[in-house]
Amino acid sequence: MQTQTTISIILKDGSKKEISAGSTGLDLAKAISNSLAKKSVGLLLNGELKDLISALHDGDKVEIITQDDPRSFEYLRHSTAHILACAVQNLFKGSKIANGPAIENGFYYDFEIPEHQLKPEDLPKIEKEMQRIIDEDYSFVKVSVDNSDKQIQEFKSSGEKFKAENLEEHKHHNPTLYVLQKDGKTVWNDFCRGPHIATSKQVKAFKLLSISGAYWHGDENREKLQRIYGTSWWSKEALDDHLQKLEEAEKRDHRKLGRQMELFSMQDESGPGLILWHPALAYLRKEMEDYWKELHLQNGYEMVYTPHIAKSDLWNISGHNEFYKENMFYMTVDEQDYVLKPMNCPFHVLIFNTTRHSYRELPIRMAELGTVYRYERSGVMHGLARVRGFTQDDAHIFCRKDQYVEEIKGVIKLVDLIYKGFGLHYSAELSTKPKDAIGTKEIWEFAESGLEQALKEYGLEYKVNPEDGAFYGPKIDFKLKDALGRIWQGATIQLDFNLPERFKLHYTDKDGTQQQPVMVHRAIYGSLERFAALLIEHFAGSFPLWLSYKQVVVLPISDKHLEYARKVESMLKEKNIRVEVDDRAESLNAKIRDAEMNKIPYMAIVGDKEASENNISVRARKKGDLGKVPLNSFAEQLSKEIKEKTI
RNA sequence: GCCGAAGUAGCUCAGUGGUAGAGCAACGGUUUUGUAAACCGUAGGUCGUCAGUUCAAAUCUGAUCUUCGGCUCCA
């Protein structure tokens, strides 16, 4: 009898497991339980994601990644991308493969395909070939490249120039190939770091979604590539859920709802990226603005208004002409150059600088709903979310160093307060000093630690984005999460060391010396346009009562009830409720249907019974009949809902 | 800006070289309706724009504008 050598593995929970030497991760999973082995996908081996069949060594720390672990998608999707690449190369002779990573919710692969432009009709054909590869049950086998130069030559001779270039770049990082193999026969290979699933059959549910262009290494001077996007899941159910979510997102698309609900438009005559706010969305904006102004005035801000254009001189001082030139609209009047403002800050600084300031006056908080114009490249515009003219809910705080932390806390409080009114959840991120920053090390330290202190004292969780701040100062960004779990850019708080210097901002301190104030830029909605887009998609157009254009529609059962309907209307109008009567000669069912389609929160249905009892039958959007309610209590209930901003 | 796709009635879409279509919306009439579409009729389009090919162009070609999917960039 031979003595079996064993090795000791440290599991996730810190416990140790003895297994026989030469075991793989899969063996370890089997040794723990069969059901675990079935769900196992890969390993976190000493902190790195590795193939499930990686060999284990004595003392390794191992966490088994199962299908329940979100990290398992990296394996699945990246492997599905490889199957896609193999399928495309089988179908389109001479195709060269570039890169194919897993991305959020899916994957893509980039190809150079000579003499064929991919069309949507190609996707089902490619899917079929992928399914064939999956059904063949090929193994993903990792092969280390011992002679990089020889392998590069091989890639080059088979025309795989992108693989050759990738390998050249990584030749000193223990390069590996992944090959698709069956019965020891290799059918396909790619230069790849991995990790992968074990066999192609593990791909249970995938779909190719779209085609687009891309460049090798994202560089428009390099080769043009064709990209295929897809998604891949562990089960058909999960795939269907995901596809349904995509469908739901499409239904909620603010551009689509914008047309359907007549919220806004952009027109050829007025130009791209320039929004016409139609009455329904203008009402929502008015509510956003009123709410904003009310909270800002309550929280020590002062309102200012500044022009839309300014002489070029201003932008020379601010530095915009130097750093922001390609984003600005220019015009010449009376031989004088003017610029359409891309930011409000220089104007606020001018207001600050009009008089001398005492340390006693600070902080000064100057707020403006300022409309700015930025030249955006033609391909980047997107509905209300990315435009050329937009209104920032901008404010600048000029304060002393000793007031700085409190001021930041005040802004965080205001952000919290405002988002509450919309029922939105958010998270915070702190971005620190980038490489090409201006300002001394001391001032950056002061600024960053101040932001951090404010976040901590406020008790807000945050993530740090190292080196992601603006060149002129660090910032806190707020990310908003919508009803579908998608992330939107929200509020931002930025320190600025640049403008106080350029505009020579001063205040007179206690001891009579001239000191430079700290300047904070901050916006909470960010852009009213983009925030409106967020609200449209978050609520799928069914806005809460306080944000609805039409809050109530009165539906008379027949013409006989028009008189009473008008009475209901004027009574609600007196209470400042936005109401109208549907007096069309349509059936009640048709009126209800139209009101539902127009996403009006409440319907007040009135007929003989209601008129005689001085009440109404209430029907709520999407909820249906709520029964009869006295007119007065209905009005009171709505007023309360509006006042409390009930979601 | 770059790559690719698309643009037909207010909206959603059909129409692949030979007289521009449907549904919904609009308008007129009939119906007077009890919780998601009553019925009949009328009107509405230089087929994004400009050139070209052709006896003939929504349809083929080119340019241009806009939109969409990406790349890049960003509030």
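The values are calculated or read from the model by the stated rules, or taken from the named source; none is laboratory data. Just so you know, these numbers come straight off a predicted model, no measurement behind them. Note that each Cβ is placed from the backbone with ideal geometry, even for glycine, and that neighbours are counted across all protein chains shown. To get the accessible areas, we keep the full protein, side chains included, count just its heavy atoms, and leave off ligands, DNA and RNA. Shrake-Rupley method; radii C 1.70, N 1.55, O 1.52, S 1.80 Å.
At a 1.4 Å probe radius, carbon and sulfur cover how many percent of the accessible area of region A:122-212? List each step's numbers first, then the result.
Details: 2250 of 4830 Å².
Summing carbon and sulfur atoms, their accessible area is 47 percent of the total for region A:122-212.
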Given 4 °C and 1.567 mPa s, how large is the Stokes-Einstein diffusion coefficient of region A:376-514 in µm²/s, with Rh as the Kirkwood radius over Cα pairs? 77
What per residue convex hull volume, in Å³, do the alpha-carbon atoms of region A:545-643 yield? 84
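Starting from the Cα-Cα distance between A:ASN316 and A:ASP559, subtract it from 0.36 nm times their residue separation and give me the gain in nm to one decimal.
Values: separation 243, 0.36 × 243 = 87.48 nm, distance 6.69 nm.
Extra length from A:ASN316 to A:ASP559 when fully extended: 80.8 nm.
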For region A:147-193 (alpha-carbon point model, no solvent) the Debye-based log₁₀ I(q)/I(0) at q = 0.18, 0.19, 0.28, 0.29 Å⁻¹ works out to -0.52, -0.58, -1.04, -1.08
Sorted largest first, extent of region A:297-384 alpha carbons per principal axis (Å): 47, 35, 22
Highest-first arrangement of A:360-368, A:211-219, where packing means the average Cβ count within 10 Å: A:360-368, A:211-219
Whole-number accessible area per residue in Å² for region A:545-643, which is evaluated in the context of all protein chains at 1.4 Å: 53
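Share of region A:35-93's accessible area from carbon and sulfur, percent, 1.4 Å?
Values: 1270 of 2430 Å².
After summing per-atom areas, the C and S share lands at 52 percent.
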Normalised by the empirical 2.2 N^0.38 Å for globular proteins, what value does the Cα Rg of region A:448-490 take? 1.33
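What does the charge count around A:LYS12 come to, taking other residues whose C-beta lies under 15 Å from its C-beta (Lys +1, Arg +1, Asp -1, Glu -1)? Mind showing how you got there, number by number?
Details: positive: A:LYS16, A:LYS17, A:LYS39, A:LYS50, A:LYS61, A:ARG71; negative: A:ASP13, A:GLU48, A:ASP60, A:GLU63, A:ASP68, A:ASP69.
Within the 15 Å Cβ shell, the charges total 0.
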So for region A:383-424, what are the equivalent ellipsoid semi-axes in whole Å, largest first, each being the square root of 5 times an eigenvalue of the Cα gyration tensor? 26, 17, 6
Rounded to one decimal in nm, the spacing of the 7 Å Cα→Cβ label points at A:GLU154 and A:PHE471 is 4.7
For q = 0.09, 0.11, 0.13, 0.16 Å⁻¹, Debye-computed log10 I/I(0) when each Cα of region A:73-249 counts as one equal scatterer: -0.30, -0.45, -0.63, -0.97
Nitroxide proxy distance, nm - points 7 Å out along Cα→Cβ at A:SER358 and A:HIS425: 4.9
Overall Cα dimensions of region A:6-66 - principal axes, largest extent first, Å: 24, 22, 21
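Of all beta bridges DSSP finds with both residues in chain A, what is the antiparallel percent, to the nearest 5?
Values: 106 of 123 bridges.
Looking only at bridges with both residues in chain A, the antiparallel portion is about 85 percent.
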Computed over region A:1-137, the distribution of all Cα-Cα distances in 10 Å bins, rounded to whole %, is 11, 32, 24, 19, 11, 3, 0
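What does the highest-first list of A:56-68, A:141-153 look like by mean Cβ count within 10 Å? Walk me through the intermediate numbers first.
Values: A:56-68: 17.0, A:141-153: 14.2.
Peptide ranking by packing, descending: A:56-68, A:141-153.
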Inter-probe distance in nm under a simple model that places probes 7 Å from Cα toward Cβ, at A:SER378 and A:SER612: 6.9
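Based on the mean of other beta carbon atoms within 10 Å per residue, what is the order of A:394-404, A:505-515, A:11-21, A:482-492, most packed first? Intermediate results must be reported in sequence, preceding the final value.
Details: A:394-404: 20.9, A:505-515: 13.2, A:11-21: 10.9, A:482-492: 16.2.
The packing order, highest mean first, is A:394-404, A:482-492, A:505-515, A:11-21.
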Pairing the Cα long axis of helix A:279-298 with the longest principal axis of chain A, what angle in degrees results, from 0 to 90 and rounded to the nearest 10? 80
What's the angle, to the nearest 10 degrees (0 to 90), between helix A:236-252's Cα axis and the longest principal axis of chain A? 30
Can you give me the angle between helix A:441-458 and the longest principal axis of chain A, using Cα atoms only, in degrees from 0 to 90, rounded to the nearest 10? 70
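Once you have the Kirkwood Rh of region A:41-119 from its Cα pairs, apply Stokes-Einstein at 4 °C and 1.567 mPa s and quote D in µm²/s.
Numbers: Rh = 14.4 Å.
This corresponds to a translational diffusion coefficient of 90 µm²/s.
Dividing the alpha-carbon Rg of chain A by 2.2 N^0.38 Å yields what? Don't jump to the answer; show the numbers that get you there.
Working: Rg = 31.2 Å, N = 647, 2.2 N^0.38 = 25.7 Å.
Expressed relative to 2.2 N^0.38 Å, the Cα Rg reads 1.21.
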Debye intensity ratio in log₁₀ form over the Cα atoms of region A:400-482, taken at each q of 0.16 Å⁻¹: -0.62
Find, among the trypsin sites (Lys or Arg not before Pro) in region A:572-647, those assigned to loop by DSSP (not H, G, I, E, B) with at most 11 other beta-carbon atoms within 10 angstrom. A:ARG584, A:LYS622, A:LYS623
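Which net charge results for the neighbourhood of A:GLY159, defined as the other residues with beta-carbon distances under 10 angstrom from its beta-carbon, given Lys and Arg at +1 and Asp and Glu at -1?
Net charge in that neighbourhood comes out at +2.
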